[in-house]
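Structure, as structure tokens:
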Amino acid sequence: MFEKLEIFRMAHAMSVHAGARQSVVAQNMANADTPGYAARDVRPFKEILESGDTGFVPRATRPGHLNATAMPFDLSVSERRDAMADPNGNSVSLETEMLAAVDVKRQHDRALAIYKSSLTVLRAAISRR
């Protein structure tokens, strides 16, 4: 029942995006000294929303998969265009990755805050008082 409310779907999508981006940031940090490694990132959540790619309707990836938690939008990973490469070809900057990790934490905390406050409003709406 609650998964059909748009605010809960938005909070879920935002937290899934934050988790995917945190994974990419961690991979970048782990490969900071790997020669030829290109820094990667996930498209910002704001751009995904503004492009209208979300639809917030899960895609069936195989038969009988309609009720699974499929990704409601594309989280493809791409190389960072603005990253400058070192002489060994590595384009990871630890300072940039640390700032990205802080941004991801804020996004995840924001998604949790939206979810919690929505639950509070829902509880207040259905309470008997």
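The values are calculated or read from the model by the stated rules, or taken from the named source; none is laboratory data. Everything numeric in this text was worked out from a predicted model, so none of it was measured. Please note: Cβ atoms are built from the backbone with ideal geometry, for glycine as well, and neighbour counts cover all protein chains shown.
Of the conditions (1) assigned to a helix (DSSP H, G or I); (2) of a type outside the set (D, E, K, R); (3) modelled with pLDDT of 85 or more, Ala32 satisfies every one except a single condition; which number is it?
(1)
From the residues in the range 112-129 that are assigned to a helix (DSSP H, G or I) and among the polar types (S, T, N, Q), which one is nearest to Met10 (Cα to Cα)?
Here the answer is Ser118.
Please tell me if Val57 is loosely packed, with under 13 Cβ neighbours inside 10 Å and either among the aromatic types (Phe, Trp, Tyr) or at pLDDT 80 or above (or both).
no
I'd like to verify a number: residues in the range 103-123 that are over 18 Å from Pro44 (Cα atoms), of a type in the set (S, T, N, Q) and surrounded by 12 or more Cβ atoms within 10 Å (Cβ to Cβ), how many?
Selection size over the range 103-123: 2.
Each row is one residue, and each column tells you yes or no for (1) in contact with a Lys or Arg (Cβ under 9 Å, 6 or more places away or on another chain); (2) surrounded by 15 or more Cβ atoms within 10 Å (Cβ to Cβ); (3) at pLDDT 80 or above.
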site	(1), (2), (3)
Ile7	no, yes, yes
Arg40	yes, yes, yes
Pro63	no, no, no
Arg81	no, no, no
